[in-house]
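A.B. asks: Next up is a structure, given as structure tokens.
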Amino acid sequence: MYYFFLICVAAISLKILIVLYRVLQGPTVFDRIIGLGVIGTDIILFLLLIGALKNRLDMFVDMSIAYAALGLISYLILAKYFERKGNIDG
């Protein structure tokens, strides 16, 4: 099971790097925001897998919940900003 989790961590790390390209080179703001959401979700999964590998899942679950709460707040702030701005790409 240890090697399976290790392979999953490597696969998620590779996926984060691929999506990071979309965040940096995205043609629209929406592509970049969605990419950040995907990276945030992957980092939560990454933290949980690291917790399982180190046999400290309780500590990493707390860190994942805190990271998810911060991500939710940041997406709400971005949505409010773009709602007030009105023009996304201009």
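The values are calculated or read from the model by the stated rules, or taken from the named source; none is laboratory data. In this text the structure is predicted, and so the values were computed from the model without any measurement. Using ideal geometry, Cβ is built from the backbone for each residue, glycine included, and neighbour counts are taken over all protein chains shown.
A.B. asks: Which residue pairs have Cβ atoms under 9 Å apart, sit 6 or more places apart or on different chains, and have a first residue in the stretch 34-46 that is among the aliphatic types (A, V, I, L, M) and a second that is not in a helix (DSSP H, G or I)?
C.D. replies: From residues that are among the aliphatic types (A, V, I, L, M), the pairs are I34/G26.
A.B. asks: Now for a separate question. Pick out the one residue from I12, I65, I34, I39 that is in contact with a helix residue (DSSP H, G or I) (Cβ under 6 Å, 6 or more places away or on another chain), within 30 Å of E83 (Cβ to Cβ) and in a helix (DSSP H, G or I).
C.D. replies: Working: I12 fails: within 30 Å of E83 (Cβ to Cβ); I65 fails: in contact with a helix residue (DSSP H, G or I) (Cβ under 6 Å, 6 or more places away or on another chain); I34 fails: in contact with a helix residue (DSSP H, G or I) (Cβ under 6 Å, 6 or more places away or on another chain).
Going through I12, I65, I34, I39 in turn, just one is in contact with a helix residue (DSSP H, G or I) (Cβ under 6 Å, 6 or more places away or on another chain), within 30 Å of E83 (Cβ to Cβ) and in a helix (DSSP H, G or I): I39.
A.B. asks: While we're looking at this one, here's another question. Out of (1) of a type in the set (V, I, T); (2) surrounded by 11 or more Cβ atoms within 10 Å (Cβ to Cβ); (3) over 14 Å from the mean Cα position of the chain (by Cα), the odd one out for I12 is which?
C.D. replies: So I12 meets the others, but not (3).
A.B. asks: Looking only at the stretch 15-37, how many residues end up being closer than 27 Å to K54 by Cβ and either in contact with a Leu (Cβ under 6 Å, 6 or more places away or on another chain) or surrounded by 13 or more Cβ atoms within 10 Å (Cβ to Cβ) (or both)? Full working, then the answer.
C.D. replies: Going residue by residue through the stretch 15-37, those that are closer than 27 Å to K54 by Cβ are 15-20, 36-37.
From what's left, either in contact with a Leu (Cβ under 6 Å, 6 or more places away or on another chain) or surrounded by 13 or more Cβ atoms within 10 Å (Cβ to Cβ) (or both): 15-16, 19-20, 36-37.
Matching residues across the stretch 15-37 total 6.
A.B. asks: Follow-up question, since we're still on this one. For the stretch 45-66, state whether one or more residues are at pLDDT below 90 and surrounded by 10 or more Cβ atoms within 10 Å (Cβ to Cβ).
C.D. replies: Let us first name the residues in the stretch 45-66 that are at pLDDT below 90, namely none.
No, that holds for no residue.
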